[in-house]
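Each remark here refers to the structure printed beneath this line.
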Amino acid sequence: MSLSNSFDGLRQPEYTGENRCLPCTVVNLGIATALGIGVTGVLVSSGTTIELSSVVGGAIIAVSAGLIYLRGYLVPGTPTLTKRYMPLWMLRLFGKAPEPVRDDRGNVEVESFLLEAGVIEECPDDDDLCLTESFETAWRDRIDAMRDGANGEAIDPGIDDFVDRGEVEEDVDLGDVVFEERGSAYVATLDGRRIAKWESRPAYLADAAAAAELRRRAAGWRVLGFPERTEVAGSLRLWLEECPDCEGPVTMDQETVQSCCHERQVLAATCDNCGVRLFEANISPGALDSN
């Protein structure tokens, strides 16, 4: 086999040439340089001559740069890791900020977002969508950890996901947010002002745990706006079969909600054991009736 053919076997066209991810290249070149310098320092400190140590360090940098040229990156998983953890301002600078699929009106297509993130998939035995096993397990584990936190209070994994930063000052410490129940609702307040609201504490537990997991899995989560994050996380409550708080079964039903002026049809999910509302959405009358 010729040297050229060997190089061809290493090439990854999906990550090189016009498809090269510049942020990935910058990050990996930085890692390669740090690795070469680090090895040089270790060799010198162990008694190896500076000349030989420099040659070894330089060789490491050169080989790493060659691999980056051929493959697009040095560290496995770099494209995904870069999109997920590199600052958004830097991703936008290189034109690599992940963008979720949107409809003609600019709204995020929630189903497409969740499918791409590996959160939902086609059900194996039904013409429907189901949670993936890995996400469902991780989501439930996070819910359990929050529910069983110190003194029985929910451990917040990142209230920032559900706060409209346009409504609070940038230097505000969100660690000062207070959670409390007001009637059947569960609200987050800052300096006495409401900054977020859920139908109930179980709804909050579900959304906060989902957000923590989506932040880890979905590259596009960080670019979603405040209302979009609320919509995406809230939509996942439709798949809950066990209440996040009292751990009893969840019942999904169509109900008529009356107020002083009118009545409306809603699709409602309720925790049977504790009787609290987990999810509620307006629907057209008879929308769920069978034909």
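For region 18-31, the condition of being of a type in the set (S, T, N, Q), touching a residue at least 24 places away in the same chain (Cβ under 8 Å) and surrounded by fewer than 16 Cβ atoms within 10 Å (Cβ to Cβ) holds for at least one residue. Answer yes or no as to whether residue 241 is among the charged types (D, E, K, R), over 27 Å from residue 109 (Cβ atoms) and loosely packed, with under 15 Cβ neighbours inside 10 Å. In short, no. Restricting region 99-153 to residues that are of a type in the set (Gly, Ala, Ser) and within 20 Å of residue 211 (Cβ to Cβ), the residue that is nearest to the chain's Cα centre (by Cα) is 117. Residues that are modelled with pLDDT of 85 or more and assigned to a loop (DSSP other than H, G, I, E, B) were ranked within region 125-168; the one that is nearest to residue 221 (Cα to Cα) is 132.
Looking at region 210-224, is at least one residue modelled with pLDDT of 90 or more, within 20 Å of residue 130 (Cβ to Cβ) and of a type in the set (Gly, Ala, Ser)? Yes, the conditions are met somewhere in region 210-224. Among the residues of region 176-190, not a single one is modelled with pLDDT under 75 and in a loop (DSSP other than H, G, I, E, B).
For region 190-236, a residue qualifies if it is closer than 16 Å to residue 101 by Cβ, among the β-branched types (Val, Ile, Thr) and in contact with a strand residue (DSSP E or B) (Cβ under 9 Å, 6 or more places away or on another chain), and exactly one does: 232. Residue 207 satisfies every condition listed in (1) in contact (Cβ under 8 Å) with a residue 60 or more places away in the chain; (2) within 14 Å of the chain's Cα centre (by Cα); (3) within 14 Å of residue 179 (Cβ to Cβ) except (1).
The values are calculated or read from the model by the stated rules, or taken from the named source; none is laboratory data. Everything numeric here is computed off the predicted structure, so don't read it as measured data. Methodologically, a virtual Cβ is constructed for each residue, glycine included, from the backbone with ideal geometry; neighbour enumeration extends over all protein chains shown.
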